[in-house]
Every structure is written in C-alpha cells, then in structure tokens.
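The values are calculated or read from the model by the stated rules, or taken from the named source; none is laboratory data. What you are looking at is a predicted structure, and each value in this text was computed from that prediction instead of being measured. Reconstructed Cβ throughout: ideal geometry from the backbone, glycine too, with neighbour counts over all protein chains shown. Remember, those area values only see protein heavy atoms, side chains included, never the ligands or the DNA or RNA. Shrake-Rupley method; radii C 1.70, N 1.55, O 1.52, S 1.80 Å.
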Amino acid sequence: MTSKTSHCKIVDCTIRDGGLVNNWDFSIEFVQHLYNSLNEAGVDYMEIGYKNSPKLLKGADSAGPWRFLDDDFLRKVIPNKGHTKLSALVDIGRVDENDILPRSESLLDLIRVACYIQDVDKALELVKVFHDRGYETTLNIMALSNVMENQLIEAFELIRESVVDVVYIVDSYGSLKPNDMAYLVDKFKEHLPNKRLGSHTHNNLQLAFANTIIAAEKGVELLDASVYGMGRAAGNCNTELLVAHLPNAKYNVRPVLDMIEKHMLPLREKEEWGYIMEYMVTGMLDEHPRSAMAQRDSSDNRDKVVDFYDRLTTPEIAHSK
C-alpha cells in the first residue's frame, strides 16, 4: 500500500471550495487556525482562495476577501509561513493577469486554472503566464463527466505541448463511480504521459473518498480535499480521511480533528453542505447541482425529494434544458 500512494500530496480546498457555501465569510482567525492545523498535520498545500480580480466579478463587494486574494492582505494573515504551500484558483475571464505578482513577491506557490473543455486553449495561455512568473501550475478541466471523448482527445493534444505541471480530473457533479475514475485516470495517463495528475471529487454519491483513493493508487499525485468535507453542495473528499488513510509518516490527523472540533462543527450548525438527498439526485443523474441548491434554498420545497426527482426525470422537463 505504501508504495502505491507514497507519491501523493494533499491539497486542502476548505477556504476556496468551502467559500462557495458561505460566500467566503471566514474570519482571519478561522483561516489562521486552519493553516496552522494543516501545517502541523503535514498537509502539502492549502488553497487559501481565488485569485480572481474583483473588477471582473459581479457581487465582489459582498464576498469575503478569500474570493479575490490580495497579496498584502495574505502577508498579514500568514505572517509565518510553514511547510504547507499556498495555492489559489483562477477562472478564465475572471482574472486580470496584471493582478498576479511574480512568485518571488507573493506568498502563493501554486496557481490553478479552472476551465470548461471548450476553453482549454485560453486556460493554457494563462498557465503559461503564471508559469513564466515562477509558479507551479495546474489545469483543472471541470465537468469531465459531460465531456465527449473527441473533445478530450483534442484538449490532450494542446495540454501535452503546454508547460502546465499538473492536469486535474475533476468530478464537478459528483457523479463518477470508482470504475469511471479508474477509466479516466488511465485515459489521462495514456494521452499525457509527460504530465503529473490531480483529482478533485465531490461527494454527491458518497464516493469522493473512494474515488480519490482509486486515483491515488493509480498514480494521481495531487489529491484535493477539504476539512470536514466543506465544499459546494455535497462537498468534497474529506481532508481528515486522507490524512488518516495515506501511509505517509509526516501526516498527523490530530491537528485536523482539533480544527473540526473548534471551528467546523460550529460552522456546520449554520451552513449546509454534504450528503443531502437533492445533491444525491443530481449526482445520480450526472447534472450540475444548481437545481438542487435552489431547492435547498427554498423553504417551501426543501426536503421534497420525490417531487424534485420527478421534476428532473420527467421527459418534458429533461428535453426543455
């Protein structure tokens, strides 16, 4: 077992993906405690937010500061950086590359670029900019379960020639089963033999951890997770499960449990994420969770699971998309 997963590194996305749950309304104390806990636990990377540009975003004024990280602010939040590296994610069309300092002037080590399959070329242009500024880079192709094979093959040709360090297999809808994950890892390895791989899973079908372990055992290196699974809708693979499971002597689960006890359990009383029936239904149907999120936000329809399932599986509705 050790040899199969000893190459793995954990990327904790609690602030970035979890911010989608609470509009990035995390206190500085919360983020500092999380960073210190992850550092003590031996976690390799902490994704401390998005590096998108406020001027290119609607609703930027109402979001917490982790929605568009400012380098000066970051230095105040993490005055003493430990072994855990810092990561940020950007979206195509939402970042002004002039807002990204060279790595030598920033606390960030890794910049990840998220895109849909049709924008891989644009994403790789951004990757090149960040790579040239000294950052580690990843390309995260979202909603892979809805991508046609020929589109993927075309994208692979571009990716193979690019400077990107790591390419991510992203289960945006939480609909992949372990055999799907195994198939995708094999396909990515076949077409991108020169690239390292990452995985980002969602827990709609309670398979995020299982899928991540499958990916790890098949050679995927960067494993996304979040503390107590906090992430959009059904949430992510749990950081504490990976820290406890991966046979690496540097990982220690106790500091993560301390973070959960002090901060995550109280937060879960106020905010909702995780395995919830509406999210299970969208995962089962391989659909974006936005309809389930709307249902959960509606006091009239919340928990009317059969009605929700019927609406999503009625032919007239299915064909009116």
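Would you mind checking which residues have amide H under 5 Å from Tyr135's amide H? H placed 1.01 Å from N; only 5 or more apart, or other chain.
When sequence neighbours closer than 5 places are left aside, the close amide H contacts are Arg103.
Across the Cα atoms of the stretch 101-176, what radius of gyration and what greatest pairwise Cα-Cα distance (Dmax) are found, in Å?
Expressed in Å, the Cα Rg and Dmax of the stretch 101-176 come to 13.0, 41.
State the antiparallel share, in %, of DSSP beta bridges confined to the stretch 153-238, rounding to the nearest 5.
The antiparallel proportion sits near 10 percent.
State, to one decimal in nm², a quarter of the convex hull surface area for the C-alpha atoms of the stretch 54-162, i.e. the direction-averaged projected area.
With the hull built on Cα positions only, its mean projection is 8.0 nm².
How would you classify the stretch 188-319 from its alpha-carbon gyration tensor, with a ≥ b ≥ c the square roots of the eigenvalues: rounded for a/c under 1.5, else prolate if a/b is greater than b/c, otherwise oblate?
Note, shape of the stretch 188-319 comes out oblate.
Which residue, Gly49, Gly93, Gly229, tops the fluctuation ranking in a GNM of the chain built on C-alpha contacts under 10 Å?
Result: Gly93 has the largest fluctuation of those listed.
Show which lysines lie in cross-link reach of Lys250 when reach means a straight Cα distance below 21 angstrom and same-chain residues fewer than eight apart are skipped.
Lys250 reaches Lys4, Lys9, Lys81, Lys85.
Mean-square fluctuation check for the chain, GNM, Cα pairs under 10 Å: which of Asp300, Asp96, Asp109 is largest?
For the chain, modelled as a Gaussian network with Cα springs under 10 Å, the answer is Asp300.
Taking Rh as the Kirkwood radius, which is the inverse of the mean 1/r over Cα pairs, what is the Rg/Rh value for the chain?
0.95
Roughly to the nearest percent, how much of the accessible area of the stretch 245-321 is carbon and sulfur, given a 1.4 Å probe?
C and S atoms contribute 52 percent here.
Please compute the modelled spin-label separation between Lys76 and Arg196, points set 7 Å along Cα→Cβ, answer in nm with one decimal.
Taking the simple label geometry, Arg196 and Lys76 are separated by 3.3 nm.
Can you tell me the dipole magnitude for the chain around its Cα centre, using point charges on the Cβ only (Lys, Arg +1; Asp, Glu -1), in Debye to the nearest 20?
Numbers: 36 positive and 49 negative charges, 100 e Å.
With Lys and Arg at +1 and Asp and Glu at -1, about 480 debye.
Looking only at Ser226, Ser145, Ser298, which one moves most when the chain is put into a Gaussian network model with springs between Cα atoms under 10 Å?
Ser298
Between Val129 and Val147, what is 0.36 nm times their sequence separation minus the Cα-Cα distance? Round to one decimal in nm. Show your work: numbers first, answer last.
Details: separation 18, 0.36 × 18 = 6.48 nm, distance 2.62 nm.
Result: 3.9 nm gained on full extension.
Could you pull out every residue, at least 5 positions away or on a different chain, whose amide H is within less than 5 Å of the one on Asp70? Hs are placed 1.01 Å off N in the peptide plane, and Pro or chain starts have none.
none
First measure r as the distance between the Cβ atoms of Lys4 and Asp300, then evaluate 1/(1 + (r/R0)^6) with R0 = 51 Å and state the FRET efficiency to the nearest 0.05.
0.55
Per DSSP helix of 4 or more residues, -39500 (n - 2.57); summed, then divided by the residues of the chain. What does that give at 222 nm, rounded to the nearest 500? Before the final figure, lay out the partial values.
On the way: 15 runs with 132 residues, N = 321.
-11500 deg cm²/dmol, from helical runs alone.
Set Lys and Arg Cβ to +1 and Asp and Glu Cβ to -1, take the dipole of the chain about its Cα centre, and tell me which of Cys13, Asn80, Gly274 lies farthest positive.
Final value for the positive-end residue is Asn80.
Would you give the gap between the C-alpha center of the stretch 279-315 and the C-alpha center of the stretch 11-45, rounded to a whole Å?
If we compute the Cα centre of each part, the gap is 29 Å.
Hey, if we sort Met148, Met280 by accessible area with the 1.4 Å probe, largest down, what's the order? Write down the numbers at each step before the final one.
Working: Met148 120, Met280 40 Å².
Descending order: Met148, Met280.
Using a 1.4 angstrom probe with every protein chain in place, what is the largest-first accessible-area order of His83, His7? Please report the intermediate quantities before stating the final value.
Working: His83 170, His7 55 Å².
Ranked list, largest accessible area first: His83, His7.
Just tell me which lysines come within less than 18 Å, Cα to Cα, of Lys128; anything on the same chain fewer than 8 places away is out.
Those lysines meeting the cut-off are Lys51, Lys195.
Tell me, how many Å apart are the Cα centres for the stretch 128-147 and for the stretch 220-237?
If you average the Cα positions of each part, the centres end up 18 Å apart.
Across 5 Å bins from 0, what is the distribution of all Cα-Cα pair distances for the stretch 150-256, in whole percents?
So the P(r) values, bin by bin, are 2, 13, 22, 21, 18, 13, 7, 2, 0, 0.
Give the calculated FRET efficiency between Asn22 and Asn179 to the nearest 0.05, with a Förster radius of 30 Å applied to their Cβ-Cβ distance.
E between Asn22 and Asn179, to the nearest 0.05, is 0.30.
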